[in-house]
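One structure is given below, encoded as structure tokens.
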Amino acid sequence: MQIQQNVSLKPFNTFGIEANAAHFVSISTIEELKNVLELKNYTNKLLLGGGSNMLLTKDYDGLVIHVNLKGIEIVKEDDDFVYVKAAAGEVWHELVIWCINNDFGGIENLSLIPGNVGTAPIQNIGAYGVELKDIFESCEAMSIDNASIKTFYKEECLFDYRNSVFKQEAKGQFIITTVTLKLTKRNHQLHINYGTIASQLEIMQIENPTIQDISKAVIYIRESKLPNPKEIGNSGSFFKNPIISKNHHNKLLQNFEDIPSYTISDTEVKIPAGWLIEKAGFKGKRFGDYGVHKNQALVLVNYGNAKGSDILKLSELIQKTIERLFEISIEAEVNIL
Ligand code: EPU
């Protein structure tokens, strides 16, 4: 374990933004993590996993801790279920592939989500009708304060749409070190009714899909809509889909009769922010090195050397325009640093 000075964070954030860390350390064991937390001369510490959910708008003057803990193991199983424990530094999609290859079900709809295992619970990652909470058993996290390890079971994580206790009450207090998932070994419960999965399976001429088929369909859909961060810097959906009252929705329908919505409760609906942004005219707009993706308006992109502050300014312009046109405030999903 070696603390480096003045390190570029460009390879460590999927937006591909150039920003420097005054101090940087990569840890690959729990012992190393403990040792780093005990260092008293760094008051500001920033945790970094896959860097897939953040926008760096300036240099960081403290210590960046890159969590590089590795390992995937089966910790318990019976005839129906298997409990898979993965270390925080594993790449999420590699864990998905490992599970699919072992025919462990439940995780297939979450194929190809960028990022690492340790950050998945923080925002309760989700896609195509499944959220992490649906397969989550527990996670272990180290207290930043005293380096002790605490296990969080599902109920304690207070999972919600792109939200959890780690973004709220426990924010900045813990480092997630492992995540344990509860997956099916047989009688897999398939989720194919969301979005274009069913039509994609039809195109693939698959009538009785396996979890492997669903994973392939999801990968195909994601690759056709979402830019690959290795080619065009991005952080997936930049904003959350807003939830508004049914009354508000009814009012909007008078002017925008094609506005899509998903019922959340008797009184609320969720509106796809991608639709609002497209309707506001931003889809595919490019401003020099940054812009809004041409296939998915919810994704802001860095074409090369964009600054984090440019992307932040664009996001604020989008927010203001949406507020003015629809009286809806959209919230960033990405963490802005
Ligand atoms: N839409 C448009 N124009 C666009 C994009 C979307 O009109 O440019 C409308 C369409 O009506 C479309 C609907 O929005 O049917 C939904 O679009 P999509 O299926 O692409 O999903 P999303 O709501 O934009 C969410 C997640 C994604 C996840 C997909 C699929 C959020 C913030 N985003 O996007 O998650 O992959 O559903 O389940 O909830 C991420 O969080 O980074 C992410 C990529």
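The values are calculated or read from the model by the stated rules, or taken from the named source; none is laboratory data. Note that this is a predicted model, so its numbers are computed, not measured. Cβ sites come from the backbone with ideal geometry, for glycine too, and all protein chains shown count toward neighbours. Accessible surface is based on the protein model in full, side chains and every heavy atom, while ligands, DNA and RNA are left aside. Shrake-Rupley method; radii C 1.70, N 1.55, O 1.52, S 1.80 Å.
At-a-glance table
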item: Percentage relative contact order, segment 93-226, counting C-alpha pairs under 8 Å, at least six apart; result: 31
item: For q = 0.17, 0.27 Å⁻¹, Debye-computed log10 I/I(0) when each Cα of segment 4-67 counts as one equal scatterer; result: -0.54, -1.22
item: Separation of alpha-carbon centers, segment 196-236 and segment 15-52, rounded to whole Å; result: 34
item: Per-residue ³J(HN,Hα) for segment 198-214, Karplus 6.51 cos²θ - 1.76 cosθ + 1.60, θ = phi - 60°, Hz, x for Gly and Pro; result: 4, 5, 5, 5, 5, 4, 7, 6, 10, 9, 10, x, 9, 5, 5, 5, 5
item: Top positive-direction residue, dipole computed over the chain with Cβ charges, set S143, N68, N234; result: N234
item: Virtual spin-label span in nm between Q173 and E231, 7 Å along Cα→Cβ; result: 4.3
item: Among the listed pairs K171/K216; K246/K320; K246/K294; K154/K283, those beyond 32 Å (Cα-Cα); result: K171/K216; K154/K283
item: Cβ crowding within 10 Å averaged over residues, with 216-227, 45-56 ranked highest first; result: 45-56, 216-227
item: Dipole magnitude of segment 40-97 about its Cα centre (Cβ charges: Lys, Arg +1; Asp, Glu -1), debye to nearest 20; result: 540
item: Student exercise, segment 215-337 dipole from Lys, Arg, Asp, Glu Cβ charges, in Debye to nearest 20; result: 300
item: Protein accessible area in the chain, 1.4 Å probe - carbon and sulfur %; result: 46
item: Three-way shape call for the chain based on the alpha-carbon gyration tensor, with the a/c threshold at 1.5; result: oblate
item: Calculated from backbone phi, Karplus (6.51, -1.76, 1.60) coupling profile of segment 105-110 in Hz, x at Gly/Pro; result: x, x, 9, 4, 5, 9
item: Average accessible area per residue (Å²) across segment 4-67 - probe 1.4 Å, nucleic acids and ligands excluded; result: 45
item: Segment 1-130, relative contact order [Cα under 8 Å, separation at least 6], %; result: 20
item: Span from the segment 153-193 Cα centroid across to the segment 239-261 one, whole angstrom; result: 29
item: Accessible area of segment 233-336 divided out per residue, in Å², using a probe of 1.4 angstrom; result: 50
item: Lysine pairs with alpha-carbon atoms under 30 Å apart, segment 1-96, spacing 8 or more or separate chains; result: 19
item: Computed over the chain: relative contact order in percent, which uses C-alpha pairs under 8 Å that are six or more apart; result: 17
item: Segment 72-225 - accessible surface per residue (Å², probe 1.4 Å); result: 47
item: Span per principal axis, largest first, for the Cα atoms of segment 194-337 (Å); result: 46, 44, 25
item: Gap separating the Cα centres of segment 63-109 and segment 299-337, nearest whole Å; result: 33
item: Size of electric dipole in the chain: Cβ of Lys, Arg +1 and of Asp, Glu -1, about Cα centre, debye, nearest 20; result: 980
